[in-house]
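What follows is one structure encoded as structure tokens, with my remarks underneath.
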Amino acid sequence: PHWEKQIRSSAQIHRSHGLSVLVTGAAGFVGSHVALALKKRGDGVVGVDNFNDYYDPSLKNARRALLASHNVFIVQGDINDERVLAKLFDVVAFTHVMHLAAQAGVRYAMENPHSYVDSNIAGLVTLLEQCKSADPQPAVVWASSSSVYGLNDKAPFSESDRTDRPASLYAATKKAGEAITHTYNHIYGLSITGLRFFTVYGPWGRPDMAYFSFTQDIRHGKPITIFRGKNRVDLARDFTYIDDIVKGCVAALDTSGKSTGSGGKKRAAAPYRIYNLGNTAPVTVPTMVGLLERYLNKKAKRHVVSMPGNGDVPFTHANISLAQRELGYKPMTDLSTGLRKFVDWYESYYVDDHGKSVNY
Ligand code: NAD
């Protein structure tokens with residue numbers, strides 16, 4: 001294909017100890033940040049993304065341009081297309097796969113359930129089939145989600161807590177992904193690390209998420225709808241800043257493939273690991289809106305309604321001691337600092353020098 005030459009140069013590793021990473025979902029929010037971070041420290045990086053139109057495709061194209069300016073090339077293709085994956089693995093001997101492609105969002109699952117099955121289940125299996133038979137076998141690090149904790153009411157959530165009550169089809173497909181990756185780990189010896197992200201936010205974020213769409217609506221003077229849980233309790237999220245998530249992803253890549261076992265004579269089995277990547281400091285949605293009002297210097301037109309039962313959970317809260325211990329993960333950015341950075345980015349991306357909206 002026409003992209004073969006470009007991905008060879010994209011995958012080129014300048015340092016002998018660098019990784020060679022396939023980043024799926026590289027035109028996405030988290031994927032573009034992780035791809036850039038890896039490239040900046042000298043790893044070889046190739047992206048793949050189907051550039052679907054779940055949210056504004058022009059934002060994905062802008063992320064693609066940003067990566068291209070750092071010589072990271074994104075192949076336009078679907079992880080559920082085995083020919084594309086076979087070609088990628090044929091051209092580059094990936095040491096690692098950072099799997100971030102997915103149909104995200106909990107509410108959209110009610111409109112388009114099959115897109116979740118196609119990307120998060122069928123696409124995952126197609127990717128793992130490729131990884132299992134690749135030589136060398138890449139270590140796989142992939143994004144699960146805090147949503148697997150579903151309707152648990154005991155907080156904070158630990159990795160060993162129950163995950164059998166998903167509140168949305170999205171959560172169910174992530175839970176299925178954990179079972180599927182586990183199978184590939186014990187049958188085929190693939191090294192697997194699943195990362196349960198907790199509400200990731202920041203510059204180049206996802207316009208379908210509340211902090212982002214509220215920013216747009218407050219700025220344009222439109223009313224925002226805030227959901228409230230049972231007994232008029234505010235929803236709360238363990239908002240986690242993108243730079244912290246990126247550090248967790250990179251640490252997971254760097255420690256993947258290494259056994260955490262005792263190192264006896266018997267060859268250690270490939271690891272299967274799951275970590276929470278959160279912030280351990282939940283904030284209510286109205287408080288988050290208050291911070292946006294401050295940074296946008298504008299009052300929100302708040303419209304508070306009862307949660308309609310569309311897949312949202314009342315709260316999330318991560319226990320991160322396992323990631324702290326094994327990955328050295330330590331979130332550094334509180335919501336107030338992180339939202340300030342988000343709003344700064346928003347203003348630079350969506351507002352011109354005369355205060356007029358652009359790219360909107
Ligand atoms: P995103 O939608 O911005 O990124 C996902 C990217 O994958 C998109 O660019 C999309 O075009 C691409 N994609 C989707 N299906 C594909 C397919 N079949 N083939 C190829 N590309 C495909 O989402 P994000 O916020 O960057 O999320 C990254 C990962 O983290 C996802 O797996 C998501 O479920 C997970 N996650 C995100 C959050 C969060 O708060 N952002 C929280 C928990 C888990």
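The values are calculated or read from the model by the stated rules, or taken from the named source; none is laboratory data. Worth saying up front: this structure is predicted, and the values here are computed from it rather than measured. Glycine also receives a Cβ, built like all others from the backbone with ideal geometry; neighbour counts cover every protein chain displayed.
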Among (1) in contact with a Gly (Cβ under 6 Å, 6 or more places away or on another chain); (2) closer than 26 Å to ARG237 by Cα, where does MET110 come up short?
(1)
Give me the residue from segment 110-129 that is more than 13 Å from the ligand (Cβ to nearest atom) and within 20 Å of TYR188 (Cα to Cα) and, out of that set, nearest to the chain's Cα centre (by Cα).
LEU128
Quick check: is even one residue across segment 87-103 more than 12 Å from the ligand (Cβ to nearest atom) and closer than 25 Å to ALA210 by Cα?
no
Has segment 40-59 got any residue that is in contact with a His (Cβ under 8 Å, 6 or more places away or on another chain), closer than 21 Å to VAL141 by Cα and away from the ligand (no atom under 12 Å from the Cβ)?
yes
Conditions first: (1) within 13 Å of the ligand (Cβ to nearest atom); (2) of a type outside the set (Ser, Thr, Tyr); (3) within 30 Å of PHE315 (Cα to Cα). ARG107 passes all but one, so which condition is the exception?
(1)
Considering each residue of segment 283-325, count those that are within 16 Å of LEU235 (Cβ to Cβ), among the hydroxyl-bearing types (Ser, Thr, Tyr) and not in a loop (DSSP other than H, G, I, E, B), and give that number.
3
Collect the residues in segment 157-193 that are more than 14 Å from VAL106 (Cα to Cα) and hydroxyl-bearing (Ser, Thr, Tyr), keeping them in residue-number order.
SER158, SER160, THR163, THR181, THR183, TYR184, TYR188, SER191, THR193
Please state which one of VAL106, VAL125, VAL141 is modelled with pLDDT of 95 or more and outside any helix (DSSP H, G or I).
VAL141
Read through the list (1) free of Cβ contacts under 8 Å to residues at least 60 places away in the same chain; (2) farther than 20 Å from TYR55 by Cβ; (3) not in a loop (DSSP other than H, G, I, E, B), then give the number of the only condition that ASP118 fails.
(2)
So the check is Cβ under 8 Å with 6+ separation or different chains; which pairs have a first residue in segment 81-106 that's closer than 16 Å to ALA26 by Cα and touching a residue at least 40 places away in the same chain (Cβ under 8 Å) and a second one that's more than 10 Å from the ligand (Cβ to nearest atom) and among the aromatic types (Phe, Trp, Tyr)?
LEU88/PHE94
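Name every residue in segment 23-66 that is closer than 20 Å to GLN6 by Cβ and of a type in the set (S, T, N, Q), in order of residue number. First the steps, then the outcome.
First, the residues of segment 23-66 that are closer than 20 Å to GLN6 by Cβ: 23-28, 31-32, 34-36, 38-40, 42-51, 60-66.
Correct list: THR24, SER32, ASN50, ASN61.
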Can you work out which of the residues in segment 170-204 that are part of a loop (DSSP other than H, G, I, E, B) and hydrophobic (A, V, I, L, M, F, W, C) is farthest from PRO271 (Cα to Cα)?
TRP204
Within segment 173-208, which residues are among the aliphatic types (A, V, I, L, M) and either closer than 23 Å to PRO136 by Cα or buried (at least 22 other Cβ atoms within 10 Å of the Cβ) (or both)?
ILE180, ILE187, LEU190, ILE192, LEU195, VAL200
For segment 14-39, which positions are buried (at least 16 other Cβ atoms within 10 Å of the Cβ) and away from the ligand (no atom under 16 Å from the Cβ)?
GLY18, LEU19, SER20, LYS39
Find the residue count for segment 68-86, including only residues that are outside any strand (DSSP E or B), touching a strand residue (DSSP E or B) at 6+ places or on another chain (Cβ under 6 Å) and more than 8 Å from the ligand (Cβ to nearest atom).
1
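Limited to segment 276-294, what total is found for residues that are among the charged types (D, E, K, R) and under 17 Å from MET307 (Cα atoms)?
The number of residues fulfilling the criteria is 0.
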